[in-house]
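All remarks here apply to the structure that follows.
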Amino acid sequence: MKKIYHWILHWADTRWGVLALFLMAFAESSFFPVPPDVLLIACCLGCTVKSFRYATVCTAGSVLGAMGGYALGYFLWLTAGGEFTGVANFFFDIIPGFTPDRYLEIRQLYNDHNFWVIFTAGFTPIPYKLFTIAGGVFKINFAMFVVASVISRGLRFLLIAWLIWRFGSPIKAFIEKYFNWLAIAFTVLLIGSFSIVKYIG
């Protein structure tokens with residue numbers, strides 16, 4: 001993983017940095033283990049005035065990759081008899097933490113909270129790919145899936161870009177150390193606020 005991490009970072013210093021960022025964001029939404037944040041941070045630090053452009057590219061790649069994950073789950077995950085296909089078993093083998101048991105847990109989450117499941121997976125460090133594939137398997141509303149993906153991925157990447165644009169390289173260590181915890185806290189507060197409003201109403 002460390003070698004993969006450094007291999008990813010080296011693209012930020014090449015003319016292919018933007019394309020690599022798009023492709024990495026696309027792949028991470030369906031199968032790649034390393035989040036695109038690491039390359040996004042490197043690209044933004046290399047040219048802070050383009051930070052929001054990089055975030056937009058990252059968001060576009062991630063959402064399109066999410067659609068690919070959705071299609072994978074929708075068309076290739078289960079046989080007509082409801083059994084896992086060879087594609088499903090392949091992904092269970094290569095994606096860390098993605099097991100048949102975890103798949104069943106995610107199914108229950110979708111049954112209870114469709115939009116918020118996608119939003120939470122997209123904004124926090126929860127492996128997004130698990131939920132994009134599962135969204136297709138469970139055939140959740142595609143338009144809602146796309147909207148939740150755009151909002152959550154956009155917020156995450158634009159926030160990183162804004163922090164670097166505003167504070168420069170000194171914020172890098174802070175983002176790497178605390179950003180995921182802040183994302184979790186923000187999501188908990190946001191969902192909690194809506195739940196309270198719904199309960200009061």
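What follows is calculated from the coordinates using simple rules that are stated; it is not laboratory data. Please read these numbers as outputs of a predicted model, since none were measured by experiment. In this analysis, Cβ positions are derived from the backbone assuming ideal geometry, glycine residues included, and neighbour counts consider all displayed protein chains.
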Do we have any residue at all in the range 125-138 that's more than 20 Å from Glu28 (Cα to Cα), part of a helix (DSSP H, G or I) and not hydroxyl-bearing (Ser, Thr, Tyr)? no
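Quick check on the range 83-104. Is at least one of its residues β-branched (Val, Ile, Thr) and under 12 Å from Phe138 (Cα atoms)?
First, the residues of the range 83-104 that are β-branched (Val, Ile, Thr): 85, 87, 94-95, 99.
Right, trim to under 12 Å from Phe138 (Cα atoms) and you get none.
There is no residue in the range 83-104 that is β-branched (Val, Ile, Thr) and under 12 Å from Phe138 (Cα atoms).
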Restricting attention to the range 134-151, report how many residues are more than 15 Å from Asn111 (Cα to Cα) and β-branched (Val, Ile, Thr). 4
What pairs come out if I take residues in the range 101-120 that are farther than 20 Å from Ala88 by Cα and touching a residue at least 40 places away in the same chain (Cβ under 8 Å) and pair them with residues that are small (Gly, Ala, Ser) and surrounded by 11 or more Cβ atoms within 10 Å (Cβ to Cβ) whose C-beta lies under 9 Å away, six or more apart or interchain? Trp116/Ala148; Phe119/Ala148; Phe119/Ser149; Phe119/Ser152; Thr120/Ser152
Identify the residue in the range 141-182 that is over 20 Å from Phe22 (Cβ atoms) and of a type in the set (Lys, Arg) and, among all such residues, is surrounded by the most Cβ atoms within 10 Å (Cβ to Cβ). Lys172
Residues of the range 124-176 being farther than 16 Å from Ala55 by Cα and of a type in the set (Lys, Arg), in sequence order, are Lys129, Lys139
